[in-house]
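Note sheet for the following structure.
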Amino acid sequence: MIVNQGLAMIRVLLLGGTSEASALAHELAGAGVDAVFSYAGRTAVPVAQPLPTRVGGFGGAGGLADYIRASRITHVVDATHPFAAQISRNAVDACLATGAALCALVRPEWVAGPGDDWRHVADTDAAVAALPDDPAWVFLAIGKQTLAAFAAKPQHHYLLRLVDPPRAPLPLPDATVVIARGPFALADDLALLQSYAITYVVAKNAGGAGAESKLKAALIQQIPVILIDRPRLPPRQTFGSAKGVMDWIALHSTRLGL
Ligand code: NAP
């Protein structure tokens, strides 16, 4: 356990919602760092955390800045999903406004290997446009938030994999829903593609190990993958591992302890 005077002055807000954030929460708790874990509240039963946990939006960058001040947060760690662009932009703005230190824990992007048929597109609308006009069987592995855009191509049958059963009618006329929470295994994703005779995969370039197996399954099945590029974010200090974040916190605590 890291214990020094500087650490006692550090209070971390960990913006979560990813497996990397959960792993980092265990590191912070194990090191005795004073920290709060934050969930957006998108899933019905979020993974329990070893840190005090709050749930729900802050009310934009201004609300986040208010929270940082009121809760005496000194350090914000943005470990949200690479496609959770709004909260990441808010974190940059709120830390600028309050003077809290900010870093992000960011997974490396997926990179195509030999044999991969990946068609990179800039955003969801471009992914819709990249689908063929003739009816296809599409594994739409993009979560639930941007499904409505695919209603522009209602001729396809869409296979959706969601964490929770949908609470409202789906915006797609012809869709099958599978309920599952990652990490996902190659054998399972291969069976999924085969059993639904999938001919296209649409995915976000999320990176990480937990959701990569669908790409490997697509390679085995020789299925094209329409891969949505990550949104652009303002520059910020980033680390690719929990250790990088822990070292950053330890460095700051040492400075404060001087
Ligand atoms: P987003 O579009 O960037 O954020 C929308 C709003 O949700 C934010 O403005 C904020 O509300 C609130 N929010 C997001 N993350 C939050 C957090 N960790 N704590 C408190 N409030 C948060 O985010 P999103 O794409 O909806 O993702 C929501 C959550 O799901 C994130 O925690 C993310 O890590 C996780 N997730 C996202 C994806 C994805 O593909 N986008 C995939 C897997 C997991 P206020 O403005 O009111 O503060």
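Read-outs throughout are calculated quantities, based only on the coordinates presented, and are distinct from any laboratory measurement. Note that this is a predicted model, so its numbers are computed, not measured. Cβ: placed from backbone, ideal geometry, glycine included. Neighbour counts: every protein chain shown.
Here are a few things to note about the model shown:
- For the stretch 48-64, a residue qualifies if it is within 11 Å of the ligand (Cβ to nearest atom), surrounded by fewer than 21 Cβ atoms within 10 Å (Cβ to Cβ) and not hydroxyl-bearing (Ser, Thr, Tyr), and the qualifying residues are Arg54, Val55, Gly56, Gly57, Gly59, Gly60, Ala61, Gly62, Gly63.
- Test: residue in the stretch 221-229 that is without any contact (Cβ under 8 Å) to a residue 40 or more places away in the chain, surrounded by fewer than 18 Cβ atoms within 10 Å (Cβ to Cβ) and over 24 Å from Lys153 (Cα atoms): no
- Any hit, the stretch 1-12, residues being touching a His at 6+ places or on another chain (Cβ under 9 Å), closer than 30 Å to Ile179 by Cα and in a loop (DSSP other than H, G, I, E, B): no
For every residue, the table says whether it meets (1) touching a helix residue (DSSP H, G or I) at 6+ places or on another chain (Cβ under 8 Å); (2) touching a residue at least 24 places away in the same chain (Cβ under 8 Å); (3) surrounded by 15 or more Cβ atoms within 10 Å (Cβ to Cβ); (4) over 26 Å from Ile179 (Cα atoms).
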| position | (1), (2), (3), (4) |
| --- | --- |
| Ala97 | yes, yes, yes, yes |
| Ala100 | yes, yes, yes, yes |
| Val111 | no, no, no, yes |
| Thr124 | yes, yes, yes, no |
| Ala129 | no, no, no, yes |
| Pro132 | no, yes, no, yes |
| Trp137 | no, yes, yes, no |
| Ala151 | no, no, no, no |
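- Any chance Pro224 is within 26 Å of Ile87 (Cα to Cα) and of a type outside the set (Lys, Arg): no
- The residue that is farthest from the ligand (Cβ to nearest atom), counting only those in the stretch 19-46 that are surrounded by fewer than 16 Cβ atoms within 10 Å (Cβ to Cβ) and outside any helix (DSSP H, G or I), is Gly32.
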